[in-house]
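Remarks on the structure that follows.
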There are 2 protein chains.
Amino acid sequence: MVQATALPRNETGIETVVGILKQRFGDRCQTGASIREQHGHTTTYIENQLPDAVVFPHSAEEVSEIVKTCALHKVPVIPFGTGTSLEGHVNAPAGGISVDLMQMNKILAVHASDLDCVVQPGVTREDLNTHLRDQGLFFPIDPGANASLGGMASTRASGTNAVRYGTMKDNVLALQVVMPDGEIIRTAQRAKKSSAGYDLTRLMVGAEGTLGLITEVTLRLQGIPEAISSARCSFPSIDAACQAVMMTIQYGIPVARIELLDALSVSAANVYSKLDLPETPLLLLEFHGSERGVVEQAETFGTIAEEFGGSDFAATTSTEERNKLWQARHDMYWASHGLRPGAKGLSTDICVPISKLAECVTAAADKAEEMGLISPIVGHVGDGNFHCLPLIDMDNPEEIAKAEEFVGWLNDLAISMDGTCTGEHGIGQGKRPYLLKELGPAMKYMAAIKSALDPDNIMNPGKII
Amino acid sequence: MVQATALPRNETGIETVVGILKQRFGDRCQTGASIREQHGHTTTYIENQLPDAVVFPHSAEEVSEIVKTCALHKVPVIPFGTGTSLEGHVNAPAGGISVDLMQMNKILAVHASDLDCVVQPGVTREDLNTHLRDQGLFFPIDPGANASLGGMASTRASGTNAVRYGTMKDNVLALQVVMPDGEIIRTAQRAKKSSAGYDLTRLMVGAEGTLGLITEVTLRLQGIPEAISSARCSFPSIDAACQAVMMTIQYGIPVARIELLDALSVSAANVYSKLDLPETPLLLLEFHGSERGVVEQAETFGTIAEEFGGSDFAATTSTEERNKLWQARHDMYWASHGLRPGAKGLSTDICVPISKLAECVTAAADKAEEMGLISPIVGHVGDGNFHCLPLIDMDNPEEIAKAEEFVGWLNDLAISMDGTCTGEHGIGQGKRPYLLKELGPAMKYMAAIKSALDPDNIMNPGKII
């Protein structure tokens, strides 16, 4: 695994807090090695740094109690959802208390006529959508994993639908947050827009638990469109596929999804998801609208695709076919690992202005090949966001060094193109050096905000700042 | 006028800074009474609190110089755009330096293929749209006034198109900001989405110049739709009009604009804009999409309107007719003043969840009548946001008291409905007591952020916090 810096531990404080929490929460405070290991690790490529205990609260009041106890004794608090973050977000480099929010999994209210809902942080996106379906509503944000909505807010997640519906930043209306001193606040009312003071909602979205712990999320919902159609189209090269994406976006076709899989990814998906797709760069699309609207959109896209040598264009309104394709897309992280069994993927997450997309993806593919890396590429290309996933033997330090060199090179390339090192995964532990390169002078003020709200640095220390 | 609290003045510091700036900026540092009066006042209903000097910088570096000078001597800095804010945002309750940004009015870049642009803060929304038109692009956010884009970012402005295109929060990609210590930062790269650290962009949008001074704005742009049609429809009551709005939103019709004018507003518009509309509650709409799409949308709305007793439904694709209607809508602030010449309007700005819209607008109209106030109502009702504009004789303390009672009652009503006291105007000086009612415990953390970034409280003091 990739090493992470350990931070000084407050042994006395930790011992005291674990004692208090055990007494207070009984079986809901666990200190066994395997549960602690699971709560520090999960899908990241970064080495495991265990918390000292895992607590399972049932309410904001209980979270507040935990945070107040930790604050008093200056002990770290690390929020935990499904553990599907990728940049070491749930590691405990200074030890401390992992707060597992998955027992706070109630859907508190669905305001169908306002197109919003209020959920606890442990509700997953799939749970929410299952609950909403009967009411003709859905929540569009879909990272690959079936992540918790609190975690998705914390990492400013997005996914395949972001090109049309935005990211968590655009879809969180308000939050309830337990602040670093244990106080419970609400960041906004439920109105659709507001100019009422500093935007604490957006400050907490993407703060990765370093400024407070989210205990309730008010989300915007969407009506299930009258018609949905999906399409796929193969291209002779990555460049051709990206050129088609760029023109689709610039034409203003309101695609709901437009996803790229390179040839390597298609071959991985064919195996993992039992598909039979041509093994060349592929675009997967989805269109939302009226019956006539989705036909119009698919036709316009078809014309664009043809211009760039697209072939095997197939549009369908069959729900079954559509679900199969999108399930395969969501399983790509796991499917890709099949390309090199035993290896671990180091996901990159750059996002560039759309005009740079073709140049950037092509350069990334060329560089990986030049470096001898097996590195499939998938991407939410309508937003200029894509992931290379170099598959690395984590017992081989040379390979790790090579992968890190590739990741660094790619992040630098994105930054030089006025893009970002992370479109949706967040900074965590892994991307901190690149955040500094990307936003340099702004970091001083992020640090000032962190110090002002969390002077003892107890909230998820070692992440972002 | 409504009185505003004066804050302690740092006379020595102010005198020193004015001397330095006069020497440094020559004619671009003005101290005449009338120019100072103009820079503290403009469209607000709050009494004039003059700055001590007005400086006209040409670059971020010059702004940085001004802020560093003020920071050294602990003298207030108040940013100024077109002065069209409504809540005393540009007043100088502790004196200090008004920084007029209107000479920083260059459009620095239009990245047509990325659908974004970079502008200086003094570019107005109309200037930008004139510049963009030839490229088939537009910037959708349109407060009534032809405001500056820096000012619009600072107040988190929106307007009639927000129901479809969002507010400034959704349309600012990145900012260049001169921080309270004079350092120049960039809050984000130009990528369409990002999870790179705290969202300083969104923190600065709506901060009303209290955390820094915006010197560059990167904005998302939209392609001019293939087809635009507009429509108007009269209703027997405010309730009926609002019910039609609620159903339109709940049906997911992607209206670009849906605006309410009450009967009083229609009569004011008829006079001011030489129209001949039936003097009953009116909805104005606009649809954006493909040729077929806008027809579909208008038809679906027509069916809904009929259900609620809508009459005189008229849709048109004529640009001239459309512009005439929307110009009338944008002129409503001035038109309303014609209802009572010599009086001053005290604009309210509440925004409630859409399910509460009919109840809330009706209650507001009834209350104004009960209190004997002349108070036309207009609103961006698709977002649940509307403005009552009680027209007050500002020389009559009893009337002012009555208006303030009405405003307070209405803000409390909105807050009780999980809404906000301000959908788009901001807090400024006028709405501070309501912000406290609305977000209570959260205010402590807003204040902590303010103190961390601006420990001497020099950036637009007396606003928000």
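Considering Cα pairs under 8 angstrom that are at least six residues apart, work out the relative contact order of chain B and quote it in whole percent.
Numbers: 1009 pairs, mean separation 72.9, N = 465.
That works out to 16 percent.
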Task: Residue-wise HN-Hα coupling along the range A:82-88, computed from phi with Karplus coefficients 6.51, -1.76, 1.60 (Hz; x: Gly, Pro) - done: 9, x, 9, 5, 10, 10, x
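Quick one: net charge around B:Val271, please, counting Lys, Arg +1 and Asp, Glu -1 for every other residue with C-beta under 13 Å from its C-beta.
-1
Let me know the whole percent of all Cα-Cα pairs from the range B:180-228 that are separated by more than 12 Å.
71
Quote the relative contact order of the range B:107-223 in percent (integer), defining contacts as alpha-carbon pairs under 8 Å separated by 6+ residues. Don't skip to the answer; put the middle values down first.
Working: 225 pairs, mean separation 38.3, N = 117.
Relative contact order of the range B:107-223: 33 percent.
Taking the Cβ-Cβ separation of B:Arg340 and B:Glu37 as r and a Förster radius of 35 Å, what is the calculated FRET efficiency to the nearest 0.05? List each step's numbers first, then the result.
Details: r = 24 Å, r/R0 = 0.70.
The pair B:Arg340/B:Glu37 has a calculated efficiency of 0.90.
Please compute the contact order of the range B:11-102 in relative form: average sequence separation of alpha-carbon pairs under 8 Å and at least six residues apart, divided by the residue count, as a percent. Working shown, then result.
Numbers: 169 pairs, mean separation 32.0, N = 92.
Computed value for the range B:11-102: 35 percent relative contact order.
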TODO: Would you mind checking the radius of gyration and Dmax of the range B:86-146 based on alpha-carbon positions, in Å?
DONE: 14.7, 46
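In nm², what is the average projected area of the convex hull enclosing the Cα atoms of the range A:103-206?
Values: hull surface 28.1 nm².
Mean orientational projected area (the range A:103-206, Cα hull): 7.0 nm².
Would you mind giving the mean number of other chain beta-carbons within 10 Å of the Cβ of each residue in B:351-359, as a whole number? Spell out each step's value before the answer.
On the way: counts 8, 5, 10, 7, 7, 4, 1, 0, 0.
Mean inter-chain Cβ contacts per residue within 10 Å come to 5.
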Open item on the list: From the P(r) of the range B:144-277, could you give the percentage of C-alpha pairs in the tail past 17 Å?
Closed with: 69
Open item on the list: Averaged across orientations, what area in nm² does the convex hull of the alpha carbons in the range A:226-425 project?
Closed with: 10.5
Task: Formal net charge of residues neighbouring A:Thr155 (Cβ-Cβ distance under 9 Å; K, R +1; D, E -1) - done: -2
Task: Stokes-Einstein D in µm²/s, Kirkwood radius over Cα pairs - the range B:340-441 at 37 °C with 0.692 mPa s viscosity - done: 240
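Near B:Ile258, within a Cβ-to-Cβ distance under 12 Å, what is the net charge of the other residues, with Lys and Arg +1 and Asp and Glu -1?
Details: positive: B:Arg164, B:Arg232, B:Arg257, B:Arg329; negative: B:Glu259, B:Glu286, B:Asp383.
Once all neighbours under 12 Å are counted, the net charge is +1.
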Task: Centre separation in Å (Cα based) which lies between the range A:401-465 and the range B:78-96 - done: 36
- [ ] Excluding residues on the same chain fewer than 8 positions from B:Lys367, give the lysines whose Cα lies under 22 Å from its Cα.
- [x] B:Lys344, B:Lys356, B:Lys402, B:Lys431, B:Lys437
Task: Long-range amide H partners of A:Ala53 with built H, under 5 Å - done: A:Gly96, A:Ser98
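Projected area of the protein assembly as shown, taken from the Cα convex hull and averaged over every viewing direction, in nm²?
Working: hull surface 145.5 nm².
Over every viewing direction, the Cα hull of the protein assembly as shown projects on average to 36.4 nm².
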Open item on the list: If I fit a long axis through the Cα atoms of helix A:443-453 and take the longest principal axis of the Cα atoms of chain A, what angle between them do I get, 0 to 90°, rounded to 10?
Closed with: 40
TODO: Within 10 Å, count the other beta carbons around each residue, average over each peptide in A:418-429, B:176-187, B:129-140, A:100-111, and list them highest first.
DONE: A:418-429, B:176-187, A:100-111, B:129-140
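When DSSP assigns beta bridges and you keep just the ones with both residues in the protein assembly as shown, what percent turn out antiparallel, to the nearest 5?
For the protein assembly as shown, the DSSP antiparallel bridge percentage is about 80.
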Open item on the list: Could you tell me how far the Cα centroid of the range B:105-122 sits from the Cα centroid of the range B:276-301, in Å?
Closed with: 31
Open item on the list: Give me the extension gain from B:Asp412 to B:Met371: residue separation times 0.36 nm, minus the current Cα-Cα distance, reported in nm with one decimal.
Closed with: 13.1 nm
Open item on the list: Show me, bin by bin at 10 Å from 0, the whole-percent P(r) of chain B based on Cα pairs.
Closed with: 4, 20, 30, 26, 15, 4, 0
Task: Inter-part distance where the range A:323-380 and the range A:189-262 are each reduced to a Cα centre, Å - done: 19
Open item on the list: 5 Å is the cut-off here: which amide hydrogens, built 1.01 Å from N in the peptide plane, fall below it relative to A:Leu173, excluding neighbours closer than 5 in sequence?
Closed with: A:Thr218, A:Leu219, A:Arg220
- [ ] Return the distance in nm (one decimal) between the two label points of a simple spin-label model at A:Asn146 and A:Asn396, each offset 7 Å from Cα along Cα→Cβ.
- [x] 3.5
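Taking 0.36 nm per residue of sequence separation and subtracting the Cα-Cα distance, how much length would be gained by fully extending the chain between A:Arg9 and A:Arg133, in nm to one decimal? Write out the running numbers ahead of the final one.
Details: separation 124, 0.36 × 124 = 44.64 nm, distance 4.68 nm.
Roughly 40.0 nm would be gained on extension.
Every read-out reported here was derived from the displayed coordinates using simple, explicitly stated rules and does not represent laboratory data. Quick caveat, the model's predicted, so the values are computed rather than measured. Reconstructed Cβ throughout: ideal geometry from the backbone, glycine too, with neighbour counts over all protein chains shown.
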